[in-house]
Amino acid sequence: MQNLLVTGGCGFIGSNFIRYLLKESSFLGDDSFFTGRIINVDKLTYAGNPESLEDIEKEFGNSRYIFEKADICNIKEIERIFDQYDIDSVCHFAAESHVDRSIASPEIFIETNIRGTFNLLECAKKKYDFSLIKGSGKNFFLFHHISTDEVYGTLGKTGLFTEETPYSPNSPYSASKAASDHLVRAWHETYGLPVTISNCSNNYGPFQFPEKLIPLMILNAIEGKELPIYGDGKNIRDWLYVKDHCSAIWLIMQKGIKGRTYNIGGGCELENREVVEKICSIIDKVINPNVRKSLSASSKELMRFVKDRPGHDFRYAIDCTRVKQELGWRPEESFETGLEKTVKWYLNNMKWVERVKSGDYLNWIKSHYTI
Ligand code: NAD
Ligand code: DAU
């Protein structure tokens, strides 16, 4: 993989993945070190911030890291990028990713998550077909599709999602991701495109847009604002530190069997109310007690149970035996260590937070890029 197209690289997981690949992919030993260049294609929606990769831009910009502001729904642009950079592999993150937004405005989810994936598959297929012609000098190695455990629907109090669990998506977001997974699978079965798919549970860590549960609660607690917990707070998610997700993706991209799906999860099931309580305990510990007192005795006092999300999936939990046994993946971070790192990261990066929340990052982008 010398010219790897990463889509959605300015988002939460994509930016962590690019940093992981360029700086830390020696996780598995020298032979797994990524030596190629990354072409990051991102439309820069509200969730995409090139500032999240400022260090990468400085260290690798124009040599091993190239940023292209483009929409995956614009097939002409994607074709140009495939040709211009001689793309030989794809890691596809770009998506509309927030369930609440998909409930309020589903159309863009259909467009980006389904149409966008279709466009990328078509461009990859063209390149792959070329690579089958002997002596064409063109290669295409892999289309890796990033998906979610939400395609499996919801669990009751027991059981785990395996790769064989039938798809049963409940929200417009998860339905659009399920559709994109089916497209990727079909392009493998019908056209022989070399693909792998990973379905992961809830991620947390640095650079997550503060609309998702963990960063929203961290920032509200820091600011002494209410902590809105949907329903009775007993819904369960399986949490994974983002860097551990990145190491699993890279392992699957290198060693996964083509055409296969791999589930990835943290083996860390918690009720939402427990997650919020843990965040509050860390905030109470790390923020100066005098500052804390001026807000409230404990952040837990800020917890509020609010109207539930429509169609709220009760429980997600992942069986990731396949990625562990077949490929030897192990997460490194426990929820306690990962959450503390995450809280401290937000406390130390309030400028990033202020900019992404205010939309002011557009000015930052204009001063750094010609767009
Ligand atoms: P995110 O919302 O933080 O980032 C999405 C990125 O995609 C942004 O940079 C955005 O600008 C870009 N994008 C959106 N539409 C685009 C378009 N039309 N063209 C080009 N770029 C576009 O999302 P995330 O949380 O980093 O999720 C990344 C992927 O991982 C998604 O496919 C999501 O479904 C999947 N996933 C996320 C989680 C999680 O917990 N966050 C868990 C499992 C799977
Ligand atoms: O499971 C993987 C999925 O995890 C990814 O595919 C999605 O892209 C990602 O957004 C995430 O989806 P969730 O809906 O599980 O994440 P969210 O952070 O929005 O919510 C987590 C849980 O917390 C969920 O049960 C809803 C609840 N919640 C969320 C918010 C934003 C609250 O109680 N209050 C809130 O304010």
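The values are calculated or read from the model by the stated rules, or taken from the named source; none is laboratory data. Quantities reported herein were computed from a predicted structural model and do not represent experimental measurements. Glycine gets a Cβ as well: all are built from the backbone with ideal geometry, and neighbour counts include every protein chain shown. These accessible areas exclude ligands, DNA and RNA; they are computed on the full protein's heavy atoms, side chains included. Shrake-Rupley method; radii C 1.70, N 1.55, O 1.52, S 1.80 Å.
The angle between the Cα long axis of helix 213-223 and the longest principal axis of the Cα atoms of the chain comes to about 40 degrees, rounded to the nearest 10. Per residue, the chain exposes an accessible area of 42 Å² to a 1.4 Å probe, with every protein chain left in place. For the chain, the calculated P(r) over all alpha carbon pairs, in 10 Å bins from 0 to the bin holding the longest distance, is 5, 24, 34, 25, 9, 2, 0, 0 percent.
With +1 on each Lys and Arg Cβ and -1 on each Asp and Glu Cβ, how big is the dipole of the chain about its Cα centre, in debye rounded to the nearest 20? Mind showing how you got there, number by number?
Details: 46 positive and 50 negative charges, 47 e Å.
Value, rounded to 20: 220 debye.
Where the accessible area of the chain is counted over protein heavy atoms with a 1.4 Å probe, how much of it, in %, is carbon and sulfur?
Numbers: 7850 of 15630 Å².
Answer for the chain is 50 percent, counting heavy atoms of protein chains only.
When DSSP beta bridges are restricted to pairs lying wholly in the chain, around 10% turn out antiparallel.
With a simple spin-label model that places each label point 7 Å from the Cα along the Cα-to-Cβ direction, the separation between Glu226 and Lys341 comes to 3.4 nm.
Seen against the Cα atoms of the chain and their longest principal axis, helix 172-191 is set at about 20 degrees.
Diffusion coefficient of the range 127-184 by Stokes-Einstein, Kirkwood radius over Cα pairs, 37 °C, 0.692 mPa s: 238 µm²/s.
Which whole-number percent gives the relative contact order of the range 1-140, counting Cα pairs below 8 Å spaced six or more residues apart?
Details: 206 pairs, mean separation 38.5, N = 140.
Relative contact order comes out at 27 percent.
Placing R0 at 35 angstrom, the Cβ-Cβ distance between Phe314 and Ser63 gives a FRET efficiency of 0.15 after rounding to 0.05. Considering only Ser176, Leu216, Ile146, the residue lying farthest towards the positive end of the dipole of the range 110-234 is Ile146, judged by Cα position with unit charges set on Cβ. The loop-placed GluC sites (Glu not before Pro) in the range 142-207, going by DSSP, that have at most 14 neighbouring Cβ atoms within 10 Å of their Cβ come out as Glu164.
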